[in-house]
Amino acid sequence: MIHERKILVQRPQCRIARCSCGVYHVSTGSVTLRMERPQIEDLFQALSEILMSEDEPASDEPAIH
């Protein structure tokens, strides 16, 4: 099977392409993740949760690292 990628979005910090086999290629810097749709949806939900929680007012408790 010949794999052909179509770039869906390209920004200065990331690029997302879809392969003819249905796999998404999510690239940032020198890292590329090959992900199927359920994986990319789960990653998106996780990132959304993190970003939304950081938009909330900070608590008085010290950060845990």
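The values are calculated or read from the model by the stated rules, or taken from the named source; none is laboratory data. Since this is a predicted model, take the numbers as computed values, not measurements. No Cβ is skipped: glycine too gets one built from the backbone with ideal geometry, and neighbour counts run over all protein chains shown.
All conditions in (1) at pLDDT below 95; (2) surrounded by fewer than 11 Cβ atoms within 10 Å (Cβ to Cβ); (3) in a helix (DSSP H, G or I) hold for His65, with the sole exception of (3). Checking each residue of the range 1-18 against the condition of being in a helix (DSSP H, G or I) and either of a type in the set (Val, Ile, Thr) or surrounded by 10 or more Cβ atoms within 10 Å (Cβ to Cβ) (or both) gives no match. Kindly provide the set of residues from the range 19-48 that are assigned to a strand (DSSP E or B), of a type outside the set (Val, Ile, Thr) and touching a Cys at 6+ places or on another chain (Cβ under 9 Å), ordered by number. Result: His25, Ser27, Arg34.
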